[in-house]
Amino acid sequence: MDLEALKAALAASPENVPLLALVAKSHEERFEFADARKFYDRVVALQPDHGEALLAIARLLDLAGESSQAAVRLEVLCEQQPRFAAAWLLRARIAMEESDISAAREFYDTAVDLDRSLADEELLREILKAGGGKRVAHTSSGDLVEEDDFPFEGLDAVAARDLDLEFRLKPDVKFEDVGGMEKVKDEIRMKIIHPLKNPELFAAYGRKPGGGVLLYGPPGCGKTLMARATAGEINASFFSVGLHQVLDMYIGGSEQKLHTIFELARKSAPAVLFFDETDALAADRRDLRQSAGRNLINQFLAELDGAQAANDGVLILGATNAPWHLDGAFLRPGRFDRVIFVPPPDAGARQEIAKIHAKGKPVADFDPADLAKRTDGFSGADLRAVFDQATEAALNEAMRKGSMIPVSGKMLSKAAKEVKPSTRKWFESAKNHALYANQGGLYDDVLTYLGLKK
Ligand SMILES: Nc1ncnc2c1ncn2[C@@H]1O[C@H](COP(=O)(O)OP(=O)(O)OP(=O)(O)O)[C@@H](O)[C@H]1O
Ligand SMILES: [Mg+2]
């Protein structure tokens, strides 16, 4: 555009807003930013809601390295003219410059939703590369679920991603998927589910939801599964933390990470914070007695106590094979104050578990009660191994015959003979702890299970 001609026209009508805007734009196109700014300012003085001019001023500020000023102005502009797509797009660019990835993503999406033609592949790629993808979470089965209500934004989201926490917002397992364990379910209902569902009622009795439940028992008997199912039963955020995740990180930073984890949970209360393999904290007590590990334990205790911030509405769930390795301080009131033994499934529970494992598989002549009789001492995981082996046998035969062969009761019985129950070994060491280090009856349930106590 001929700038001189425009300016001549402007001399004749100095208050002509469209003309002023054109002159400003011409200057901008020639990289004469100071002049451009002068004319845009005049436009806005005459017409304070001139979107294009306001946007251009923000753009010029950003170019001049004053991105935070630009951001402030854009925020106002987007509030006043929320359908102004180009303003949202510039906001996305500036958020990106300021490394506010999740905001950049949000603004970008808003812009493109308003005006498809603004789609900018390069910017989008940059945002995605920085981790601002459609926010997702891993479910326990390893699937990705889209998280439309990801509990965190901005820096929190980055922290959460860094910590590689597992969030579960969409339940994938429920109590009905856990066979037996009625007593454990009842305890969890009482200690976790009811308090979260009826906070007022509990408050009336002077009780706050909070504190911790520790599940312990032989491997493969459903502790981790039970924790996942708890997540499925509640309408609260669920965070799963493998403690090794915390410990693995270079030692000095671990306490800070632990603190961040608790802080994230507190912010999204009501929430359940699940520490699996809690004994990792006590992996080697002698080592942990030394400063670094000791600090971490102390930090954990302080967080459990809510020393720095109240844990209202944050419930702690832990699972371990070796509760005796856990520092006794964890078991005090307000910390893991309910310790629940998760025994191997009894015959009734084994029937239930067998039915769960059989679900969705082609089975024939399958008698759950019969299988339960043949699998004394089996854990839920052992039962799954039985099904896996029998399924393999059926598959083999199907391949050979070239037709569909169901998993038969006979195949299951055969597999039950081959799979060795894995819980006995655990009881050998548990028995010693229960007999000789039964802290105030902590392991009475184990003794009862072994028939050593009535
Ligand atoms: N009560 C149960 N109902 C249904 N399936 C079960 C049950 N218990 C165990 N299983 C099966 O065994 C698998 C292993 O169980 P899980 O991981 O919960 O054991 P765990 O007690 O956490 O063991 P570990 O102490 O080794 O961590 C489950 O994924 C599930 O397939
Ligand atoms: Mg487990």
* Asked: Can you find a residue in segment 206-223 that is in a helix (DSSP H, G or I) and crowded, with 23+ Cβ neighbours inside 10 Å?
  -> yes
* **Subset of segment 180-205 (residues that are outside any helix (DSSP H, G or I) and more than 16 Å from ligand 2 (Cβ to nearest atom))** => Gly180, Asn198, Tyr205
* Structure fact -> Counting only residues in segment 355-397 that are small (Gly, Ala, Ser) and in a loop (DSSP other than H, G, I, E, B), the one nearest to Arg424 (Cα to Cα) is identified as Gly377
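Report yes if some residue within segment 134-153 is at pLDDT 90 or above and hydrophobic (A, V, I, L, M, F, W, C); otherwise report no. Steps first, please.
Going residue by residue through segment 134-153, those that are at pLDDT 90 or above are none.
No: zero hits.
Report yes if Phe387 is in the same structural domain as Lys191 (by TED's automatic domain parsing), more than 16 Å from ligand 2 (Cβ to nearest atom) and in contact (Cβ under 8 Å) with a residue 12 or more places away in the chain, otherwise no.
On the way: in the same structural domain as Lys191 (by TED's automatic domain parsing): no; more than 16 Å from ligand 2 (Cβ to nearest atom): yes; in contact (Cβ under 8 Å) with a residue 12 or more places away in the chain: yes.
Judged against the criteria, Phe387 is not a match.
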* Taking into account only those residues within segment 179-205 that are open to solvent by 30 Å² or more (accessible area, probe 1.4 Å) and aliphatic (A, V, I, L, M), which is nearest to ligand 1 (Cβ to nearest atom)? -> Met181
* To do: For segment 378-387, state whether one or more residues are open to solvent by less than 80 Å² (accessible area, probe 1.4 Å), within 11 Å of ligand 1 (Cβ to nearest atom) and polar (S, T, N, Q).
  => yes
* Of residues in segment 300-319 being within 18 Å of Leu331 (Cα to Cα), at pLDDT below 80 and open to solvent by less than 40 Å² (accessible area, probe 1.4 Å), the one nearest to ligand 2 (Cβ to nearest atom) -> Asn311
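Determine whether Leu326 is assigned by TED's automatic domain parsing to the domain that holds Asp276, open to solvent by less than 10 Å² (accessible area, probe 1.4 Å) and within 16 Å of ligand 2 (Cβ to nearest atom).
Values: assigned by TED's automatic domain parsing to the domain that holds Asp276: yes; open to solvent by less than 10 Å² (accessible area, probe 1.4 Å): yes; within 16 Å of ligand 2 (Cβ to nearest atom): yes.
When the stated conditions are applied, Leu326 passes them.
Let's see how each residue does on (1) outside any helix (DSSP H, G or I); (2) within 17 Å of Leu90 (Cα to Cα); (3) in contact with a Pro (Cβ under 9 Å, 6 or more places away or on another chain):
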{"residue": "Ala24", "(1), (2), (3)": "no, no, no"}
{"residue": "Ala34", "(1), (2), (3)": "no, no, no"}
{"residue": "Ala45", "(1), (2), (3)": "no, no, no"}
{"residue": "Leu54", "(1), (2), (3)": "no, yes, yes"}
{"residue": "Leu77", "(1), (2), (3)": "no, yes, no"}
* **Criterion: among the β-branched types (Val, Ile, Thr), more than 28 Å from Glu126 (Cα to Cα) and without any contact (Cβ under 8 Å) to a residue 60 or more places away in the chain - qualifying residue of Val44, Val76** => Val44
* If you take the residues of segment 212-239 that are small (Gly, Ala, Ser) and closer than 15 Å to Arg350 by Cα, which of them is farthest from ligand 1 (Cβ to nearest atom)? -> Gly220
* Find all pairs meeting these conditions: Cβ atoms under 7 angstrom apart; at least six residues apart or on different chains; first residue within segment 351-375 and without any contact (Cβ under 8 Å) to a residue 24 or more places away in the chain; second residue basic (Lys, Arg). => Pro368/Lys355
* Asked: Is segment 268-280 home to any residue that is in the same structural domain as Val314 (by TED's automatic domain parsing), at negative phi, crowded, with 23+ Cβ neighbours inside 10 Å and modelled with pLDDT under 70?
  -> yes
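The values are calculated or read from the model by the stated rules, or taken from the named source; none is laboratory data. Because the structure is predicted, anything quoted here is derived from the model rather than measured. A quick note on method: Cβ atoms are made from the backbone with ideal geometry, for glycine too, and the neighbour counts reach across all protein chains shown. Calculation scope for accessible area: heavy atoms of the full protein, side chains included, ligands and nucleic acids excluded. Shrake-Rupley method; radii C 1.70, N 1.55, O 1.52, S 1.80 Å.
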